[in-house]
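The values are calculated or read from the model by the stated rules, or taken from the named source; none is laboratory data. Note that this is a predicted model, so its numbers are computed, not measured. Here the Cβ positions follow ideal geometry from the backbone for every residue, glycine too, while neighbour counts run over all protein chains shown. Only protein heavy atoms, including side chains, enter the accessible area calculation; ligands, DNA and RNA are left aside. Shrake-Rupley method; radii C 1.70, N 1.55, O 1.52, S 1.80 Å.
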Amino acid sequence: MVLVRNLQQWKSLAKEAVDQTMLVAKFFCLLHVTDKYVISSILVQGPSMYPTLNHTGDVILVEKISTKLGKVGPGDIVIVRAPDNPRKTITKRVLGMEGDCVSFLVDPAHSECTKSIVVPKGHVWVQGDNVYASVDSRYFGPVPYALVQGKVMCRSTRFPLLDLTLFSAGCADLILVVATECTTARIFI
Amino acid sequence: MGSRFLWDVTKKVFTGGLIGLTISDRYGSFEAVRGLSMHPTLNPSPNTFLGLLTDDRVLVTKFCLEKYKFAHGDIVVFRSPSNYKEKEVKRIIGLPGDLINMPNAYDTLMIPEGHCWVEGDNSSSSLDSRSFGPRTCTMPSYVKKSFKSCTSMVIS
C-alpha cells in the first residue's frame, strides 16, 4: 500500500518535472524562432558605418522578414555574413541590386580613380558609410543575396532601447544626398 | 466548446511548428533532392516523370555549422549564389587555401578564405551543368554561400 502511494507521488512529481522542462524548451524554441525569423538585437562594433552607427555601444534591432520576402533595396542597412569568414557578420549599406551599375572609388584615401561594375544576378553590392575604414564590396566584390541576414530597423545608443533612431524604409533620399555629394566632389576634382 | 477546441488545436499546431522549426534549424532536417547533378550518388534512377515519388530524401545535419568544419568529399546543401530561393546539393572538392585547376584555362586558382569549390558528381548531363556551363564544377567560379549546412548521412 505504501509502495503504491509512493509510486503515485513519484509519478506526479515526474510528470510535473517533464511539464516544466517542456515549458522551458518551448520558451527557448520561441526565442530561437523569433531571433532567427522575426527580429533580433545586435551590438555593433567597428568604424565602417561611422556617421550612422557609432564605433561601440550601439545596439541595433534587425528584422528578418523583409530579407526572406526579398524586399531589400538600395539604401537599406543590412547585416551580411562576411564572405571571407562565415563566423562573422558585418553591417553595411546596400548600394546596388542585381543588374545595377555601381561605380565606386577604389582607394578613396589616396587616389580618385573610380571603377564601375555591373552587379551579377542574385548578388547585392554593399558598402560601409565610412569609405575610408570599411572592408566591403570594394574589397571582396558583390555579395550573394543569400548571405544577407536581415535589415536594420533602428538603433539605440543607450542600453534599455533609449535614444532610438529609426531607419525608414524609404532611404532613397539619403542615396540621393550621397549621390549629389559624389557629384559635387567630382566637380571639385 | 467549439472555440475552446479550436484554441487548443491552434496552440498545439503553433508549439509544434516552433519545435519543428528549431530542430530543423539547429540539428537536422530531411530534404528532397531533385535533378541529376549528383547522379550516381543521389537519384540513381534517371526517371524524371515520376520525380516526386522516386526522388531521394537526404538527412541534412547541421552540427557542423557550429564551427564550420568541413572536409573534402562532404556532400553539402547550400543556397545558390545566383538565386537565393534555390538550394543546391554538391560535393566539396576544394577548401580554403587549396589550388584548383580552372576548367577551361591553363590556370590555377587559390580558393579564398570562407569559400569552397563544389562540384556535382555527374559532370555531364545535368540540368545544373547546362545552365551553368559545360561542367558542373563551375558555379560563378566558386560558391559563396556554401557554408550553409552539410550532409553527413545519405538516406536513399
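Mind checking whether some residue in the range A:136-146 is among the hydrophobic types (A, V, I, L, M, F, W, C), open to solvent by 60 Å² or more (accessible area, probe 1.4 Å) and not in a helix (DSSP H, G or I)? Within the range A:136-146 (the criterion being among the hydrophobic types (A, V, I, L, M, F, W, C), open to solvent by 60 Å² or more (accessible area, probe 1.4 Å) and not in a helix (DSSP H, G or I)), the answer is no, since none of the residues qualifies. Which pairs turn up if I take residues in the range A:82-95 that are among the polar types (S, T, N, Q) and look for partners that are surrounded by fewer than 24 Cβ atoms within 10 Å (Cβ to Cβ) with beta carbon separation below 6 Å, at least 6 apart in sequence or on another chain? The qualifying pairs are A:Asn85/B:Gly114; A:Thr89/A:Ile79; A:Thr89/A:Arg81; A:Thr91/A:Val44; A:Thr91/A:Ile79. A:Lys151: over 22 Å from A:Leu61 (Cβ atoms) and open to solvent by 20 Å² or more (accessible area, probe 1.4 Å), yes or no? Criteria not met by A:Lys151. For the range B:79-91, the set of residues classified as in a strand (DSSP E or B) and either open to solvent by less than 30 Å² (accessible area, probe 1.4 Å) or more than 12 Å from chain A (Cβ to nearest Cβ) (or both) consists of B:Glu88, B:Val89, B:Lys90, B:Arg91, listed by residue number.
One line per residue, one yes/no per condition, for (1) of a type in the set (A, V, I, L, M); (2) within 11 Å of chain A (Cβ to nearest Cβ); (3) surrounded by fewer than 19 Cβ atoms within 10 Å (Cβ to Cβ); (4) under 17 Å from B:Asp25 (Cα atoms):
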position	(1), (2), (3), (4)
B:Phe63	no, no, yes, yes
B:Tyr68	no, yes, yes, yes
B:Val77	yes, no, no, yes
B:Ile93	yes, no, yes, no
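Scanning the range A:1-56 for residues that are of a type in the set (Asp, Glu) and over 18 Å from B:Asp25 (Cβ atoms) yields a count of 2.
Where strands (runs of 3 or more DSSP E) fall wholly inside the range A:4-101, the ranges with 1 or more residues that are within 12 Å of chain B (Cβ to nearest Cβ) and open to solvent by less than 20 Å² (accessible area, probe 1.4 Å) are A:77-81.
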